[in-house]
Every structure is written in structure tokens, then in C-alpha cells.
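This report concerns only the one structure given below.
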Amino acid sequence: MLLRTKGISKQFNGIYALNDVDLKIKAGEVHGLVGENGAGKSTLIKILTAVYKPDNGTVIWDGTETEITDPLKSRNLGINVIHQDRQLIPSFNGIENAYLGLDYEKKRGGIIDWEKMKRRVLKLSESLGIEMDFTVPASLLSPPQQTLLCIIRALMTECRLLILDEPTASLTDKETAILFRIIGKLKEKGTSVLYVTHRLEEIFFLTDRITVMKNGRIAGTVDTSESSEDMIIRMMTDNWESRTSSGSRGNIGESILKAEHISSKDGIVKDMSIDLKKGEILGIFGLGGSGRTEFLETLYGLRPKSGGGITLYSEDYPHPTPKSSIQKGMVLINEDRRKMSLIMPFSIRKNITLPVIDKYSKAGVIDEKSEEGHAAEKLKMLDIKSNGTDQAVSELSGGNQQKVVFARALESDPKVFLCDEPTQAVDVKTRYEIHRLLRDRADSGCGVVFVSSDLKEVLEVSDEIQIIVNGRSRELLKNRDLSSEDVLRYCYLDR
């Protein structure tokens, strides 16, 4: 065994995040770690990298009992982690971010040798098949590029255990293929990989063994070749089974949101049109870089519009802004909940009510009792696991944070939902609950625009699918007996 934990426990406010956890990772294996949001996966990773100190238990590294006292010691042991929330300094360029935690190369006299540093980073990136501009600030890189930059940084030193936490959450098919190729190379070299994800198809494609966590404990470890997705889901969720139904529904009404020939000032959205109807979930699918996110942001008013017309509830909506969109009953579920949707230090209650705080205000004074009551209702309705509405949203698991995003959206009683990757990095049960919520809203007469990079998911929930290619809308497909191959054929069609 390269790594073994024995009896690791960790409590927060008297509640166990981890309870007597024994994990074993062999040298040179790809080991999957799965579990519902809040099962304890991220807490375990943070203990292995000394972000948290365990209350009890020991870590055995390469046969020797070891106390990991700080992140530098973890890295010196050969443990590197790529977190779900990419940890980069936005104002630093790619070279500077790749050298975070490392000594800079220097010339005589102590002058930093930027060229030597650049050559080292470029050599590593070329060996990994990664291409990007390392001279621009990390804030200007796309989320997939930021993830790849984190991979480069992790491999700048000798790596014996690479921990990947939801690594493909924002990656396109191309970048995902690069990541899988890198994992294969690391395995050939004898490097261990701990692969943490909610995407079970990736777990079964990549891993040798799978450990399942549930309620802060290890529910079991199995050989991948001797298990199945149904078995893993049962271990994770106390035999919970989803009952997802797909395909087009018949309760489609009149147009609720029509966008014609929309373009954005930055030129990413060139000519996109949709016609969303009451009772409909309209899927939007395109390859990475096609302009999916940018289109939703333009409709909502977050990104300036340069051309085209928007009709909302049969009325012209020429100059959308986020404030007016909320007031008119149109909400945007952002792709990046941490940066765009939630204020992490704020309480659950404040995050839920902030966009509509005026309705809880009388003569400039907040009616906290009413605010608390409505927030508590949302917690119960969406089954948000928390210690109460005053708990900081940063303390919740990713899936429960995403439920808070939806609770916040529901506060304005919207009729149109613009959903950009709404189930990104959530467990299978929460994913089903979000699908059910959106379907219930559609059945009640709302309209839902649904964007996901997971084509299987788009096919599961959509009534129709709008294809977009290079910032332009193309075919509109009825979701009747559609296959992934049918959809991708239109995406790759060169016209």
C-alpha cells in the first residue's frame, strides 16, 4: 500500500464529517472515490493535504506512520491535489501559477530567470499535450484551461499520489481526453491516482478499485471489474433508485421566451435564436466553445447584447439586465456557483433572500422573522442538509450549495429558468432531484432552458434540443428516439 488511513475522524460543531475512515490505496493504481455530496470525500482530501487536522486516526505513507502537519509536507511526500474549485491566483500568469509553492529559477545575483521558468513549463505542457497561452493572467483563461493549468502545477514536482476532485466538471471532450491520457501515463510510471467524481461512467472507465463513502464512513471498497453502476448507487444511497423519464411531453403551451438572431458585443454569440414555450424544457447543446454559456448570459443581461430581439411573455425586452430579468421572472443558474451565484461567507438565509431583499424590508428595516420563515421553507422543500438557515453556505457540500442556488432562484417566483450546467459536480441523487424540480416547474407552466456538457443528461431531460455551432443556432431536434450520435452528427457537421 502506498497510502493507508486508520480510524480517521473529524468533527465540525459536534457533527462527524468523517467517522473511523480506513482507506487503502495501492501503488500505481487508479482508485475511485465516490459518495453523495456531504459523504466526507472533500474532508478526507483536506486531511491528506493538511488543510484540516484529524481529531483521531493515523496516516501510513509507504509503510511508515506519518503526521502530515502542513501542505508543504504533503507535497514533499509526493501528494498533489487538483481541487474542484481551481486554486489559482487570478492576477498571476500561467508561469507564475505553475510555480506556486516552488522556488523560482534565478540567475546570478538573485535575478529571477523568467525564460528558464517558461521553458520548463512549456516542456512539461508539451509532454502532456496541453496547449495554452501561459503569458496571460489566470483570470482570462477559460475554466477548462484553468483546470489544465492546475494539472501542470501538480506535476511540476515528483508526484506519487495525484488526487483529482471532480476534474472533468468543466472540461470539454477534448480536454477530458487529454486528462485521461495523462492519467494513463501516470499509471504507467507507477503513480497512484485518487479519482473523485460523481460521473460513474468515468469511474468505470478509469479505475482499478472503487471506495464508496456514505455519511462520513467507508461503505465498502470493490474491484471495478466486479461491480456495476447499480451496485455503487445502492451502496451510496441506501438502495435509492431514480425513476427518470425522458422524451418529449405533450403539455407544451404558447411561447414564453423568444430570442431571434441574438449577438453579443464581444462577438462570441453571433446569431442565435430560440423559442421557449410554457411547459417545455428546451435543451441547448454544442461542443466546447460553441457559445452556450455566453448565450444564456446575453439573454439574462449579464453579457451586453449587440443585436437581435428578445420577447418575454409576448412583450419586447430590448435591454435586458440581471435586475430587470429577476423582476420580470427570469432567473439564471450560473455554471460557477462559488463565484457567480453564492456569497460564500454569508449564511444560507442571506444567500437565499438577497436578490429579493426588498420584499422583506419595511421602512428600510428587514423583517428577519419573515425572512427566516421563507428560508426555512426552502430548506425543507429542497431537502438541503444543514445546521439551519444561519449556517455559512461555505460549510455545505457542493450538492447542497447547488440546492441553495435553486432556493435563491425560487424566491423571485420565476417563470423562465436559464440553467447553465445546473447539476455540475453533484451526486446522482441530487442530480435526479434537480431534474425533478425542473420538470415539476415546467409541468406547472414555466419554461426551462437547459445547458449541459453531458449529452446523456440533455437527452434525459429535454423535450427539444437546439443545436448551436460556433455561436450560431442550427437544427432544432425533437427528443423522440434521439441518440447521442444523432446530436453529435449535427454538432460536427461543417456548413
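Sort out which residues of the range 12-29 are among the polar types (S, T, N, Q) and within 15 Å of Ile45 (Cα to Cα), and write them in order of number.
The one that is among the polar types (S, T, N, Q) and within 15 Å of Ile45 (Cα to Cα): Asn19.
Loosely packed, with under 13 Cβ neighbours inside 10 Å, of a type in the set (Gly, Ala, Ser) and touching a strand residue (DSSP E or B) at 6+ places or on another chain (Cβ under 9 Å): does that describe Ser74? Give the derivation first.
Details: loosely packed, with under 13 Cβ neighbours inside 10 Å: no; of a type in the set (Gly, Ala, Ser): yes; touching a strand residue (DSSP E or B) at 6+ places or on another chain (Cβ under 9 Å): yes.
Spelling it out, it is not the case that Ser74 is loosely packed, with under 13 Cβ neighbours inside 10 Å, of a type in the set (Gly, Ala, Ser) and touching a strand residue (DSSP E or B) at 6+ places or on another chain (Cβ under 9 Å).
From Gly32, Gly57, Gly38, grab the single residue that is over 23 Å from the mean Cα position of the chain (by Cα) and either open to solvent by less than 20 Å² (accessible area, probe 1.4 Å) or at positive phi (or both).
After ruling out the rest, the residue left standing is Gly57.
Listed residues Lys385, Lys429, Lys403, Lys378; which is part of a loop (DSSP other than H, G, I, E, B), within 24 Å of Asp336 (Cβ to Cβ) and among the charged types (D, E, K, R)?
Within the list Lys385, Lys429, Lys403, Lys378, the selection yields Lys385.
Taking only the range 5-18 into account, find how many residues are open to solvent by 80 Å² or more (accessible area, probe 1.4 Å) and either free of Cβ contacts under 8 Å to residues at least 12 places away in the same chain or part of a strand (DSSP E or B) (or both).
3
Residues checked against (1) of a type in the set (S, T, N, Q); (2) over 20 Å from the mean Cα position of the chain (by Cα); (3) surrounded by fewer than 17 Cβ atoms within 10 Å (Cβ to Cβ):
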site	(1), (2), (3)
Asn93	yes, yes, no
Asp113	no, yes, yes
Lys118	no, yes, no
Leu148	no, no, no
Leu162	no, no, no
Asp173	no, no, yes
Lys189	no, yes, yes
Leu200	no, no, no
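Determine which member of the set Arg480, Arg441 is under 24 Å from the mean Cα position of the chain (by Cα), open to solvent by 40 Å² or more (accessible area, probe 1.4 Å) and more than 18 Å from Leu299 (Cα to Cα).
Going through Arg480, Arg441 in turn, just one is under 24 Å from the mean Cα position of the chain (by Cα), open to solvent by 40 Å² or more (accessible area, probe 1.4 Å) and more than 18 Å from Leu299 (Cα to Cα): Arg441.
Among the residues of the range 270-310, what is the count of those that are surrounded by fewer than 19 Cβ atoms within 10 Å (Cβ to Cβ) and hydroxyl-bearing (Ser, Thr, Tyr)?
Residues flagged as surrounded by fewer than 19 Cβ atoms within 10 Å (Cβ to Cβ) and hydroxyl-bearing (Ser, Thr, Tyr) within the range 270-310 amount to 2.
Where in the range 109-223 are there helices (runs of 4 or more DSSP H), lying fully within it, with 1 or more residues that are among the hydroxyl-bearing types (Ser, Thr, Tyr)?
Numbers: elements: 114-128, 143-154, 173-188, 200-206.
Hits in the range 109-223: 114-128, 143-154, 173-188.
Which residue pairs have Cβ atoms closer than 6 Å, lie 6 or more positions apart in sequence or on different chains, and pair a first residue in the range 19-40 that is among the aliphatic types (A, V, I, L, M) with a second residue that is in a strand (DSSP E or B) and open to solvent by 10 Å² or more (accessible area, probe 1.4 Å)?
Hits for this filter: Val21/Ile218; Ala39/Lys214.
With the structure loaded, tell me whether Arg436 is closer than 28 Å to Leu488 by Cβ, open to solvent by 10 Å² or more (accessible area, probe 1.4 Å), of a type in the set (D, E, K, R) and under 13 Å from the mean Cα position of the chain (by Cα) or whether it fails that test.
It is false that Arg436 is closer than 28 Å to Leu488 by Cβ, open to solvent by 10 Å² or more (accessible area, probe 1.4 Å), of a type in the set (D, E, K, R) and under 13 Å from the mean Cα position of the chain (by Cα).
Give the number of residues within the range 203-217 that are under 18 Å from Ser397 (Cβ atoms) and open to solvent by less than 50 Å² (accessible area, probe 1.4 Å).
So the answer is 4.
Report, by residue number, each residue of the range 417-426 that is assigned to a loop (DSSP other than H, G, I, E, B) and open to solvent by less than 30 Å² (accessible area, probe 1.4 Å).
Glu421, Pro422, Thr423, Ala425, Val426 - these are the residues of the range 417-426 that are assigned to a loop (DSSP other than H, G, I, E, B) and open to solvent by less than 30 Å² (accessible area, probe 1.4 Å).
Mind listing whichever residues of the range 311-323 are of a type in the set (Ser, Thr, Tyr) and either surrounded by 21 or more Cβ atoms within 10 Å (Cβ to Cβ) or modelled with pLDDT of 95 or more (or both)? Lay out the reasoning, then the answer.
Filtering the range 311-323 down to residues of a type in the set (Ser, Thr, Tyr) leaves 311, 313-314, 317, 321.
Listed by number, the residues that qualify are Thr311, Tyr317, Thr321.
Search the range 131-186 for residues being of a type in the set (Asp, Glu) and out of contact with any helix residue (DSSP H, G or I) (no Cβ under 9 Å at 6 or more places or on another chain), and hand back the single one that is farthest from Lys118 (Cα to Cα).
Of everything passing the filter in the range 131-186, Asp173 is farthest from Lys118 (Cα to Cα).
Determine which single condition Tyr300 fails, assuming it passes every other condition in (1) at pLDDT below 95; (2) under 25 Å from Val393 (Cα atoms); (3) hydroxyl-bearing (Ser, Thr, Tyr).
It is condition (1) that Tyr300 fails.
The values are calculated or read from the model by the stated rules, or taken from the named source; none is laboratory data. Keep in mind the model is a prediction, meaning the values are calculated, not measured. Positions of Cβ are generated from backbone atoms using ideal geometry, with glycine treated the same way; all protein chains shown enter the neighbour counts. These area figures cover heavy atoms from the full protein model, side chains too; ligands, DNA and RNA do not enter into them. Shrake-Rupley method; radii C 1.70, N 1.55, O 1.52, S 1.80 Å.
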